[in-house]
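Structure first, commentary second.
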There are 4 protein chains.
Amino acid sequence: MSVRVAVIGAGIMGADHARIVAQDIGGAVLQVVCDASRDRAKSVADECGALDVSTDPRDVIRRDDVDAILVASPDETHASLCLASIDAGKPVLCEKPLSQSPEECRSVVDAEVSRGIRTVQLGFMRRFDPSYQAMCAALNGGRVGRPLIMHNCHRSVRVPANFTGQMSITNAAPHEFDVIRSILGTDYKAITVFQPSSSDASTTGAFVFMVLETTSGQLASIEVHNNASYGYDIRGELVGDEGSVSLSAPVDARYNSGLSSFERYPEDWRLRFSEAYRLQNKAFVDFVRTGRPSAIAASAWDGYYATVVAQAALRGLSERVRVEIETPSKPTLYQ
Amino acid sequence: MSVRVAVIGAGIMGADHARIVAQDIGGAVLQVVCDASRDRAKSVADECGALDVSTDPRDVIRRDDVDAILVASPDETHASLCLASIDAGKPVLCEKPLSQSPEECRSVVDAEVSRGIRTVQLGFMRRFDPSYQAMCAALNGGRVGRPLIMHNCHRSVRVPANFTGQMSITNAAPHEFDVIRSILGTDYKAITVFQPSSSDASTTGAFVFMVLETTSGQLASIEVHNNASYGYDIRGELVGDEGSVSLSAPVDARYNSGLSSFERYPEDWRLRFSEAYRLQNKAFVDFVRTGRPSAIAASAWDGYYATVVAQAALRGLSERVRVEIETPSKPTLYQ
Amino acid sequence: MSVRVAVIGAGIMGADHARIVAQDIGGAVLQVVCDASRDRAKSVADECGALDVSTDPRDVIRRDDVDAILVASPDETHASLCLASIDAGKPVLCEKPLSQSPEECRSVVDAEVSRGIRTVQLGFMRRFDPSYQAMCAALNGGRVGRPLIMHNCHRSVRVPANFTGQMSITNAAPHEFDVIRSILGTDYKAITVFQPSSSDASTTGAFVFMVLETTSGQLASIEVHNNASYGYDIRGELVGDEGSVSLSAPVDARYNSGLSSFERYPEDWRLRFSEAYRLQNKAFVDFVRTGRPSAIAASAWDGYYATVVAQAALRGLSERVRVEIETPSKPTLYQ
Amino acid sequence: MSVRVAVIGAGIMGADHARIVAQDIGGAVLQVVCDASRDRAKSVADECGALDVSTDPRDVIRRDDVDAILVASPDETHASLCLASIDAGKPVLCEKPLSQSPEECRSVVDAEVSRGIRTVQLGFMRRFDPSYQAMCAALNGGRVGRPLIMHNCHRSVRVPANFTGQMSITNAAPHEFDVIRSILGTDYKAITVFQPSSSDASTTGAFVFMVLETTSGQLASIEVHNNASYGYDIRGELVGDEGSVSLSAPVDARYNSGLSSFERYPEDWRLRFSEAYRLQNKAFVDFVRTGRPSAIAASAWDGYYATVVAQAALRGLSERVRVEIETPSKPTLYQ
């Protein structure tokens, strides 16, 4: 039997998720598209051939003809929709962040723990990206030796002038906070945050550079540069004492013209991570069908942890000191 | 309603097709897996969750619960199974070659023409490969100017010692014969075939180098090197008077070790063209649903044409002369 | 003692050679710059700190204070200045071509042979290019196995509208005729020439594609594309049955901007081959000092051979047939 | 007239310098090779055709037939030999470091200042490397916009087990301390040093990661990884708000074999920076001839500054705090 999925939120991300569920994976049916705007829900539902639309997410979560929930609504609704899904006993794939409040994240974790069964898959899709997977395989295959540092760059074309370093930490960096930890299989001990003071605030406001120290003794650097201008460019290199491995982004063609040999950058994350999203959603459908959470996917705990790190980074940004990160004790459900 | 697909042939290619239909595209159901060996059919059906198995392809083609046929059985059965599908009025996606006999190809074309409706999609999956698509887009977008030559390399790791230049022409090169023609939007005027005479026959037997002249006046070079040893490597560069564009194969990671910086080649075509196969099969399901053949996909005519070119190349190989290619007149069904 | 060099010809190439002799190698002194235009000679001499200028090349060749001659004057003077240098018993580094007439080339060879000592080094500088040297080393080190084909592209930005395919063969291709033969250590058996007929004559006139068959049984392809527009781009790949090796041009930096990641092409050959010219001239100075010709450098014989091949190619271009190449018997002086 | 150069120190670096002076630049003569070991001096002198050898550097500096000094002797002798050269009024190209003691560096600066004329060129050869020069040109040409961060990696194959983080800072990092400052045209405000604590001390001891803040408000990251194992690999990327530019190391060829496409790393710095050394020494000879110091080259002041930064970094390493850097006031001689 096909898994009947309800997509909540029909914005850019929700429309992408609906399309993937309907067209790019097997064994799933796009049952409902739900959005505060019925027109927007209808437009996505029509494009993807969804069976129904709704404007009431809580009603959708409870419907008998819905097996699983995919939350792509505004950030501040994520935690409560996860709680409703846990309450209804229905697997939920929730876009990041789980919440920007560690306490709210914790309430989702607690609800899941008290129910005693994994229900939430968090949308840190990078874990499914073939290039991060190749990095994992290289590390586990011994091809880099013992890891010493992981370098990360997160560059996007342009953000509004009022975008701040705080936003770079809470919106962009959690992807790195999660994927570094996932690849190294460790937690964090401390974070130090730097910011250039040159040029004007509209540029440097959105730029932060962070150094993480892990509990296993490695380092990680993260540059978040939201006004990189030249393209959407995610980089990662894991460096050990026997070698290193770097992410390689999808490139379809190489061009020669005007005294240049060049490749094109995508304008945003969707093209860069399209296969990651597809594989993530496919793993979610498998999770729904089998009841076994994906070994790769992020959990509610991982969502909580990313938010804890972001809070420490915010303090590091404002106080300009090295901030120690208190790792909360992990419930057995997630071990 | 989902499209119910029967996969005929449960070898390597058939198993891949079954998996794609069942897991990697939406809107399709893997209804039957059919193979001369019931065990093989059953094994693939179980792995992919197919509803039924069969050992009788003609029966499968006629079944009421089957909407569309995917032919991945041995080459010599392709044409007759296409004819049976045309006869049953059911869309068929047929692996290449349509047939190695131009006459048999022609009989499929004639059957389709006399029925007056497009039924056959030929499995020249490279047309769907994102890198060839990017090459098309570059050409159509004016980024190479007027095309002058297209260079092609088709290298695979190793073939048995009895693999011949003839086989390189009939098995491997038709992919190039088709995709060059598709990208340039032209037919061929002549072909000249070269073969090295150095080293031993087991190596050079499988190596051919061909130069095609198109009816629009461009050139195309094709190296087929089936004992390339180092990896499966498909290259293409389209060169014009304003620039050039080259295919770029998927690369997930870049490694540093042992005084080298390196990327990995796949061992065969399946990893290189996995997305091409997925998009091809997705387009086929759309074709079944809408009745409109994909604008990208190859037709029975294209399958016929590739075989006509292969025949000319065989003559060029044995007689070592430039061979003129007589392009048959194209029925209106394919225009 | 320093080698006292006279540079004959103070055009672009002569000025470059003068600069290299004066500034970029040790053990040499730029003694005289000679040009039909005394102003041009003086300008180069002043820039490089030459000791004297002249307008009479034959006088320069005979001067007691000149140990060696570097010929960079117009093509049609090369052979006679080589003959004069041989006559004077002075080593000469002569820019390519030795002559476009095989008979005239032969007269230089004969003069050198009858004197019984190697005097002429021909300016096929690519043999000294580190990338061609790396290709040689890979072949000799067994890293490509037995060679089957060598692919070559010779692309330059733009030539005048009256530049013809003939000129592409006589001006540009001799570099490839020489370097392929040098790397493979073989002579040629036949050549087949192709030309696109598409687009307008001003573009396609300067475009030729050639396939060479060697006496050792390998193939070589050469694309000469003198209106490539996008940059000066010389490529070579040597392909064997165990691997392949490709030339890599010098690249100083990689840039990101405007949704592109790019490297720059040089506008012409001088930047691409600057180190090759330097190493070639350094080897020439060593030759003068030691009397032992460089093992890498091209001889008068190699210059003669390149012209023989060009003549065959010209016939292949006009008659559009495969042309057999008669390899003349090589005097022992060159063995 | 040729510049007569004395090379002091005939170890690896001294031998390289002697060879460059004798063979790879014009206008210079290798007059003396001096080493504490006469045998070693003689061996290098013979190989390069030097006119004389010596074991007494101070005598060499005073000789009438010596115009300029090239110091490549052990580190602890650099400052005093520079002082002797200043005293003798002879231009000196001194290998880095000027001294590991800021006070000793300062004494050289003071001597030069009190003589009122620039005499010392410091061997920070990277400034002459074509890739760093291309980075400068990109910055000055506005191609990266306003610079925000410069990333640097300094990786070498292997160091002895007793090599420490201190040595990584004093031996390796000064190249980065100098070249970052040279490219950005700024001084430093603070440095923070990190070190992984994972794996064993023999590996991590030689690994340091540093973040510099410049007085103009940019950031710079430096990874020094002396047990990188995979190759000698120097990287740099300058990132601005309009684009970025990365160094590209010389690569002669690209190889395919064993399911890999790869390029080779050099084993150490000499091959990577051979052209930088040549251009540096050529600039030094020009300086001797013209009396005008190279605009690119590092001065005694730059050598002093690099040592000041290294001292701050050492404190940062031992105390694990952000260390502010006091920039001494620069004498007018260096402005």
Right, A:VAL21: in contact (Cβ under 8 Å) with a residue 40 or more places away in the chain, within 12 Å of B:GLY27 (Cβ to Cβ) and either of a type outside the set (D, E, K, R) or not assigned by TED's automatic domain parsing to the domain that holds A:LYS90 (or both) or not?
yes
Go through (1) within 7 Å of chain A (Cβ to nearest Cβ); (2) within 24 Å of A:SER260 (Cα to Cα) and name the single condition B:TYR255 misses.
(2)
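Taking only the range C:218-266 into account, find how many residues are of a type in the set (D, E, K, R), within 22 Å of B:ILE234 (Cα to Cα) and surrounded by fewer than 23 Cβ atoms within 10 Å (Cβ to Cβ). Spell out how you get there, then give the answer.
Our first condition is that a residue be of a type in the set (D, E, K, R); within the range C:218-266, this holds for C:223, C:233, C:235, C:237, C:241-242, C:252, C:254, C:263-264.
From what's left, within 22 Å of B:ILE234 (Cα to Cα): C:223, C:233, C:235, C:237, C:241-242.
Going one step further and asking which of them are surrounded by fewer than 23 Cβ atoms within 10 Å (Cβ to Cβ), we end up with C:233, C:235, C:237, C:242.
Count: 4.
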Limited to the range C:34-59, what total is found for residues that are within 13 Å of C:ALA6 (Cβ to Cβ) and crowded, with 16+ Cβ neighbours inside 10 Å?
11
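I'm checking my understanding of the structure. Among residues of the range A:97-109 that are surrounded by fewer than 21 Cβ atoms within 10 Å (Cβ to Cβ) and either in contact (Cβ under 8 Å) with a residue 12 or more places away in the chain or of a type in the set (Phe, Trp, Tyr) (or both), which one is nearest to A:PHE124 (Cα to Cα)? Reasoning before the result, please.
Here is the first cut: in the range A:97-109, the residues surrounded by fewer than 21 Cβ atoms within 10 Å (Cβ to Cβ) are A:100-104, A:106-107.
Filter once more, so that each one left must be either in contact (Cβ under 8 Å) with a residue 12 or more places away in the chain or of a type in the set (Phe, Trp, Tyr) (or both): A:100-102, A:104, A:106-107.
Numbers: A:GLN100: 15, A:SER101: 17, A:PRO102: 17, A:GLU104: 18, A:ARG106: 17, A:SER107: 19 Å.
Among residues in the range A:97-109 that are surrounded by fewer than 21 Cβ atoms within 10 Å (Cβ to Cβ) and either in contact (Cβ under 8 Å) with a residue 12 or more places away in the chain or of a type in the set (Phe, Trp, Tyr) (or both), the one nearest to A:PHE124 (Cα to Cα) is A:GLN100.
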Residues in the range A:1-17: is at least one within 14 Å of chain B (Cβ to nearest Cβ), under 21 Å from A:ASP286 (Cα atoms), charged (D, E, K, R) and touching a strand residue (DSSP E or B) at 6+ places or on another chain (Cβ under 7 Å)?
yes
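With the requirement that a residue be farther than 26 Å from C:THR170 by Cβ, surrounded by 15 or more Cβ atoms within 10 Å (Cβ to Cβ) and in contact (Cβ under 8 Å) with a residue 60 or more places away in the chain, what does the range C:60-76 give you?
Let us first name the residues in the range C:60-76 that are farther than 26 Å from C:THR170 by Cβ, namely C:60-68.
Okay, now just the ones that are also surrounded by 15 or more Cβ atoms within 10 Å (Cβ to Cβ), so C:60-61, C:63, C:66-68.
Residues satisfying the conditions are C:VAL66, C:ASP67, C:ALA68.
Out of A:ALA6, A:ALA36, A:ALA41, A:ALA10, I need the residue that is in a helix (DSSP H, G or I) and at pLDDT 95 or above. Which one? I'd like the intermediate steps shown before the answer.
Values: A:ALA6 fails: in a helix (DSSP H, G or I); A:ALA36 fails: in a helix (DSSP H, G or I); A:ALA10 fails: in a helix (DSSP H, G or I).
Exactly one residue qualifies, and that residue is A:ALA41.
Kindly establish whether C:PHE284 is modelled with pLDDT of 95 or more, in contact with a Leu (Cβ under 6 Å, 6 or more places away or on another chain) and either outside the structural domain of C:ARG118 (by TED's automatic domain parsing) or not small (Gly, Ala, Ser) (or both). It would help to see each step written out before you state the result.
Details: modelled with pLDDT of 95 or more: yes; in contact with a Leu (Cβ under 6 Å, 6 or more places away or on another chain): yes; either outside the structural domain of C:ARG118 (by TED's automatic domain parsing) or not small (Gly, Ala, Ser) (or both): yes.
Answer is yes for this residue.
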If you go through the range D:139-173 one residue at a time, how many are farther than 21 Å from D:THR204 by Cβ and crowded, with 22+ Cβ neighbours inside 10 Å?
5
Go through the range D:312-335 and count every residue that is part of a loop (DSSP other than H, G, I, E, B) and touching a helix residue (DSSP H, G or I) at 6+ places or on another chain (Cβ under 6 Å).
2
Filtering the range D:149-176 down to residues that are touching a strand residue (DSSP E or B) at 6+ places or on another chain (Cβ under 8 Å) and either assigned to a strand (DSSP E or B) or away from every other protein chain (no Cβ under 14 Å) (or both) yields D:ILE149, D:MET150, D:HIS151, D:ASN152, D:CYS153, D:HIS154, D:ARG155, D:ILE169, D:ALA172, D:ALA173, D:HIS175, D:GLU176
Taking the range A:132-148 and keeping only residues that are over 22 Å from D:GLU223 (Cβ atoms), in a helix (DSSP H, G or I) and more than 10 Å from every other protein chain (Cβ to nearest Cβ), one is left with A:ASN140
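Can you confirm whether D:SER216 is out of contact with any Phe, Trp or Tyr (no Cβ under 7 Å at 6 or more places or on another chain), within 7 Å of another protein chain (Cβ to nearest Cβ), more than 19 Å from D:SER318 (Cα to Cα) and not in a strand (DSSP E or B)? Step through it out loud before you land on a result.
Details: out of contact with any Phe, Trp or Tyr (no Cβ under 7 Å at 6 or more places or on another chain): yes; within 7 Å of another protein chain (Cβ to nearest Cβ): yes; more than 19 Å from D:SER318 (Cα to Cα): yes; not in a strand (DSSP E or B): yes.
In short, yes.
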Exception for D:GLU242 within (1) facing chain A (nearest Cβ under 9 Å); (2) touching a Leu at 6+ places or on another chain (Cβ under 9 Å) falls at (2)
Filter the range D:284-311 down to residues that are in a helix (DSSP H, G or I), out of contact with any Pro (no Cβ under 9 Å at 6 or more places or on another chain) and crowded, with 21+ Cβ neighbours inside 10 Å and give me whichever is nearest to the other protein chains (Cβ to nearest Cβ).
D:VAL285
Within the range D:21-63, can you find the residues that are in contact with a Lys or Arg (Cβ under 6 Å, 6 or more places away or on another chain) and either within 14 Å of another protein chain (Cβ to nearest Cβ) or not hydroxyl-bearing (Ser, Thr, Tyr) (or both)?
D:ASP24, D:ILE25, D:VAL29, D:GLN31, D:CYS48, D:VAL53
Exactly one of A:ALA84, A:ALA79 is touching a helix residue (DSSP H, G or I) at 6+ places or on another chain (Cβ under 6 Å) and buried (at least 24 other Cβ atoms within 10 Å of the Cβ), and that one is A:ALA79
Quick one: A:GLY303 ticks every box in (1) within 30 Å of B:ARG264 (Cβ to Cβ); (2) touching a strand residue (DSSP E or B) at 6+ places or on another chain (Cβ under 7 Å) bar one, so which box is it?
(1)
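Let me confirm something: among C:ARG315, C:ARG320, C:ARG270, which residue is free of Cβ contacts under 8 Å to residues at least 12 places away in the same chain and either surrounded by 23 or more Cβ atoms within 10 Å (Cβ to Cβ) or of a type in the set (D, E, K, R) (or both)? Write out each step before concluding.
Details: C:ARG320 fails: free of Cβ contacts under 8 Å to residues at least 12 places away in the same chain; C:ARG270 fails: free of Cβ contacts under 8 Å to residues at least 12 places away in the same chain.
Matching residue, one of C:ARG315, C:ARG320, C:ARG270: C:ARG315.
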Need the failing condition index for B:THR77 against (1) closer than 19 Å to B:VAL120 by Cα; (2) within 14 Å of chain A (Cβ to nearest Cβ), just the number.
(2)
Checking D:ARG278 against (1) within 9 Å of another protein chain (Cβ to nearest Cβ); (2) surrounded by fewer than 24 Cβ atoms within 10 Å (Cβ to Cβ); (3) in contact with a Phe, Trp or Tyr (Cβ under 7 Å, 6 or more places away or on another chain), which test does it fail?
(3)
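The values are calculated or read from the model by the stated rules, or taken from the named source; none is laboratory data. On a predicted model such as this, the values are computed, not experimentally measured, just so you know. All Cβ positions, glycine included, derive from the backbone under ideal geometry; neighbour counts span all protein chains shown.
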